[in-house]
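Q: My structure is below; once you've seen it, I'll send some questions.
The values are calculated or read from the model by the stated rules, or taken from the named source; none is laboratory data. Computed from a predicted model, the values in this text were never measured in an experiment. Note: ideal-geometry Cβ built from the backbone for every residue, glycine included; neighbour counts use all protein chains shown.
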Amino acid sequence: MCTLAHVFEAAGLATVALGSQRNQIAGTAPPRGLWCDFPLGRPLGRPGDPEFQHRVLDRALSLLEADGPVFEEFGESITDDVTEVLACPVPARHDAGAHPAVDEARGLRQAYDRAVERFGNRIGAGRVVDADQLPGAIEAFVRVAEGTPWKEAGIPGIPARVAQDIRGYYETAAIGLADHAPGAWVGTRWFYDETRTGAVMLAARAAMRDAGEKHNVWFYLTPGDR
Amino acid sequence: MTDKHVKAMTADIETPTFETTAFTTPPPLEEATVAIVTSASLHHPDDDDFAPADTGFRVLDAERRDYVLGHWSPNFDTTGFAIDLNTVFPIDRLDELAAKGVIGKVADRHLSYAGNQFDLSAIRMDSGPAGARWLKEQGVDVVLLTPV
């Protein structure tokens with residue numbers, strides 16, 4: 001991002017770069033940089049809070065008044081509240097013949113559809129597999145978790161991209177079930193810590209790692225610190 | 001898993017260095033045309049998805065709101081954008097600033113690149129300058145750069 005700031009300025013465009021990772025924006029030193037101590041993925045800070053977003057923009061645009069390179073810090077921080085728990089009910093078993101993760105995903109379909117209707121499908125399924133195809137994709141990762149080599153498991157695309165569709169489906173369903181805008185990472189923690197499919201994805205990743213698969217193939221199946 | 005952990009994991013990634021810092025003085029903000037350029041790999045559903053290590057850019061139509069996240073990294077929160085696109089791409093906020101006369105105009109079209117690139121040479125030498133030319137051709141004066 002900050003690299004583009006340098007390139008654009010050289011081409012005659014004035015830029016203001018926002019950054020959430022202090023060392024990255026300070027190190028790349030864009031001509032006008034505003035470090036906002038917000039969670040990664042939320043550069044304007046708070047979803048659904050226009051007043052807060054305007055404060056960020058006002059501060060960012062004020063840097064255009066500087067007569068030379070400038071780096072400043074936005075005065076307000078947003079920290080990841082690790083104690084926030086998403087009270088999303090995981091659906092009860094419905095089809096005893098299906099793997100619990102697949103049954104769970106099917107059980108969340110109405111919540112997913114409601115969320116898509118309300119918010120649009122910005123992060124949900126559809127990059128590789130759509131919502132109808134998602135149970136089949138989860139079944140493929142179940143096979144990987146149980147020891148099947150990933151190339152033989154029937155994953156319907158690049159594993160990391162399919163994994164994003166699965167996570168996106170769950171997190172979209174989660175915001176449909178939540179009665180408020182959850183904090184950053186809350187939906188992600190719910191997915192990996194509370195759901196059967198989240199556990200399958202972690203197990204599949206571990207199985208691929210332990211089998212000696214290429215780092216890039218298994219590492220990006222989940223957030224890196226998992 | 002916390003934001004602190006993920007930031008710590010990426011804290012040591014080497015940042016590119018620039019021997020000089022180019023600096024363009026903008027026109028008065030109330031006369032300026034402002035565009036957003038994001039590294040969130042946003043695209044419209046009917047546009048090509050971003051490939052791994054894709055150094056190209058996609059054009060985002062300001063009249064549409066069907067922006068889809070195409071980033072390959074799993075290492076950031078996505079629910080903020082899912083709930084409110086302005087968390088990453090503050091197009092509604094810019095429209096409001098233009099309505100108030102704070103900025104001159106919101107660009108009709110904006111750009112999206114893929115962040116999390118390990119080899120920045122193509123962006124520095126090719127797609128970055130191409131994006132800048134494209135923005136200049138659209139009459140853009142000021143660019144707001146947003147990451148994820």
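Q: Here's a check for you: in the stretch A:170-197, which residue that is in a helix (DSSP H, G or I) and away from every other protein chain (no Cβ under 11 Å) is farthest from residue A:217 (Cα to Cα)?
A: First, pick out the residues of the stretch A:170-197 that are in a helix (DSSP H, G or I): A:170-177, A:186-194, A:196-197.
From what's left, away from every other protein chain (no Cβ under 11 Å): A:177, A:194, A:196-197.
Values: A:177: 32, A:194: 24, A:196: 22, A:197: 19 Å.
This residue is A:177.
Q: Right, here's the next one. Of everything in the stretch A:13-23, what is out of contact with any strand residue (DSSP E or B) (no Cβ under 6 Å at 6 or more places or on another chain), hydroxyl-bearing (Ser, Thr, Tyr) and either more than 7 Å from every other protein chain (Cβ to nearest Cβ) or farther than 19 Å from residue A:46 by Cα (or both)? Give them in sequence order.
A: First, the residues of the stretch A:13-23 that are out of contact with any strand residue (DSSP E or B) (no Cβ under 6 Å at 6 or more places or on another chain): A:20-21, A:23.
Those still in the list that are hydroxyl-bearing (Ser, Thr, Tyr) too: A:20.
Passing the criteria: none in range.
Q: Among the residues that make up the stretch A:3-12, is at least one of them within 26 Å of residue B:20 (Cβ to Cβ), surrounded by 22 or more Cβ atoms within 10 Å (Cβ to Cβ), β-branched (Val, Ile, Thr) and facing chain B (nearest Cβ under 7 Å)?
A: The answer is yes, given that some residue of the stretch A:3-12 is within 26 Å of residue B:20 (Cβ to Cβ), surrounded by 22 or more Cβ atoms within 10 Å (Cβ to Cβ), β-branched (Val, Ile, Thr) and facing chain B (nearest Cβ under 7 Å).
Q: Could you count how many residues in the stretch B:33-78 are within 23 Å of residue B:9 (Cα to Cα), among the hydrophobic types (A, V, I, L, M, F, W, C) and in contact with a Pro (Cβ under 7 Å, 6 or more places away or on another chain)?
A: Here the count works out to 1.
Q: Since residue A:94 meets every condition but one in (1) free of Cβ contacts under 8 Å to residues at least 60 places away in the same chain; (2) within 7 Å of another protein chain (Cβ to nearest Cβ); (3) touching an Asp or Glu at 6+ places or on another chain (Cβ under 7 Å), which condition does it not meet?
A: Checking residue A:94 against (1) free of Cβ contacts under 8 Å to residues at least 60 places away in the same chain; (2) within 7 Å of another protein chain (Cβ to nearest Cβ); (3) touching an Asp or Glu at 6+ places or on another chain (Cβ under 7 Å), the one that fails is (2).
Q: Specify which of the listed residues (B:22, B:40, B:8) is buried (at least 23 other Cβ atoms within 10 Å of the Cβ) and among the small types (Gly, Ala, Ser).
A: Values: B:22 fails: buried (at least 23 other Cβ atoms within 10 Å of the Cβ); B:8 fails: buried (at least 23 other Cβ atoms within 10 Å of the Cβ).
Selected residue: B:40, the only one of B:22, B:40, B:8 that is buried (at least 23 other Cβ atoms within 10 Å of the Cβ) and among the small types (Gly, Ala, Ser).
Q: Just for the stretch B:18-39: of the residues that are of a type in the set (Gly, Ala, Ser) and out of contact with any helix residue (DSSP H, G or I) (no Cβ under 7 Å at 6 or more places or on another chain), which one is farthest from the other protein chains (Cβ to nearest Cβ)?
A: Quick first cut of the stretch B:18-39, residues of a type in the set (Gly, Ala, Ser) only: B:22, B:32, B:35, B:39.
Within this subset, residues satisfying the condition of being out of contact with any helix residue (DSSP H, G or I) (no Cβ under 7 Å at 6 or more places or on another chain) are B:32, B:39.
Details: B:32: 8, B:39: 4 Å.
Among them, the one singled out is B:32.
Q: Which one of the conditions (1) within 12 Å of the chain's Cα centre (by Cα); (2) within 22 Å of residue A:172 (Cβ to Cβ) does residue B:78 fail to meet, given that it meets all the rest?
A: (1)
Q: Only one of A:105, A:153, A:115, A:125 is assigned by TED's automatic domain parsing to the domain that holds residue A:194, in contact with a helix residue (DSSP H, G or I) (Cβ under 6 Å, 6 or more places away or on another chain) and farther than 28 Å from residue B:47 by Cβ; which? Talk me through it step by step, then tell me what you get.
A: Working: A:105 fails: farther than 28 Å from residue B:47 by Cβ; A:115 fails: farther than 28 Å from residue B:47 by Cβ; A:125 fails: farther than 28 Å from residue B:47 by Cβ.
Only one candidate passes the filter, namely A:153.
Q: If I go through the stretch A:70-98 residue by residue, how many of them are over 25 Å from the mean Cα position of the chain (by Cα), part of a loop (DSSP other than H, G, I, E, B) and surrounded by 16 or more Cβ atoms within 10 Å (Cβ to Cβ)?
A: Matching residues across the stretch A:70-98 total 1.
Q: Can you find, within the stretch B:123-140, the residue that is surrounded by the most Cβ atoms within 10 Å (Cβ to Cβ) among those that are on the phi < 0 side of the Ramachandran plot and not in a helix (DSSP H, G or I)? Reasoning before the result, please.
A: Filtering the stretch B:123-140 for residues on the phi < 0 side of the Ramachandran plot gives B:123-138, B:140.
Now restrict to residues that are not in a helix (DSSP H, G or I): B:138, B:140.
Working: B:138: 15, B:140: 24.
Across the stretch B:123-140, the extreme among qualifying residues is B:140.
Q: Taking the stretch A:198-225 as the search range and keeping residues that are crowded, with 17+ Cβ neighbours inside 10 Å and assigned to a loop (DSSP other than H, G, I, E, B), which one is farthest from the other protein chains (Cβ to nearest Cβ)?
A: Within the stretch A:198-225, the match that is farthest from the other protein chains (Cβ to nearest Cβ) is A:213.
Q: Here is a check on your reading of the model: is residue B:49 over 30 Å from residue A:82 (Cβ atoms), facing chain A (nearest Cβ under 7 Å) and part of a loop (DSSP other than H, G, I, E, B)?
A: Details: over 30 Å from residue A:82 (Cβ atoms): yes; facing chain A (nearest Cβ under 7 Å): yes; part of a loop (DSSP other than H, G, I, E, B): yes.
Yes; evaluated as a whole, the condition is true for this residue.
Q: In the stretch A:104-162, how many residues are at positive phi and under 18 Å from the mean Cα position of the chain (by Cα)? Give the steps one after another, and end with the answer.
A: Residues of the stretch A:104-162 at positive phi: A:120, A:126, A:147, A:154, A:157.
Still in the list and also under 18 Å from the mean Cα position of the chain (by Cα): A:120, A:126.
Counting residues in the stretch A:104-162 that are at positive phi and under 18 Å from the mean Cα position of the chain (by Cα) gives 2.
Q: Still on this structure, I have one more. Let me confirm something: among B:13, B:36, which residue is outside any helix (DSSP H, G or I) and in contact (Cβ under 8 Å) with a residue 60 or more places away in the chain?
A: After ruling out the rest, the residue left standing is B:36.
Q: Counting just the residues of the stretch B:117-127 that are in contact with a helix residue (DSSP H, G or I) (Cβ under 8 Å, 6 or more places away or on another chain) and not basic (Lys, Arg), which one comes out farthest from the other protein chains (Cβ to nearest Cβ)? Let's see the steps before the verdict.
A: Going through the stretch B:117-127, the residues in contact with a helix residue (DSSP H, G or I) (Cβ under 8 Å, 6 or more places away or on another chain) turn out to be B:117, B:120, B:123-124.
Pick out the ones that are also not basic (Lys, Arg) and you get B:117, B:120, B:123.
On the way: B:117: 8, B:120: 5, B:123: 6 Å.
Of everything passing the filter in the stretch B:117-127, B:117 is farthest from the other protein chains (Cβ to nearest Cβ).
Q: Out of the residues in the stretch A:47-72 that are touching a residue at least 40 places away in the same chain (Cβ under 8 Å) and not aromatic (Phe, Trp, Tyr), state the one that is farthest from residue B:24 (Cα to Cα).
A: Taking the candidates together, the pick is A:48.
Here's the yes/no breakdown for (1) under 22 Å from residue A:9 (Cβ atoms); (2) more than 7 Å from chain A (Cβ to nearest Cβ):
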{"site": "B:91", "(1), (2)": "no, yes"}
{"site": "B:95", "(1), (2)": "no, yes"}
{"site": "B:107", "(1), (2)": "yes, yes"}
{"site": "B:110", "(1), (2)": "yes, yes"}
{"site": "B:115", "(1), (2)": "yes, no"}
{"site": "B:129", "(1), (2)": "yes, no"}
{"site": "B:135", "(1), (2)": "yes, no"}
{"site": "B:143", "(1), (2)": "yes, no"}
{"site": "B:147", "(1), (2)": "yes, no"}
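Q: When residue A:23 is evaluated against the numbered criteria (1) under 25 Å from residue B:84 (Cα atoms); (2) within 23 Å of the chain's Cα centre (by Cα), which criterion, by number, is the only one it fails?
A: Condition not satisfied by residue A:23: (1).
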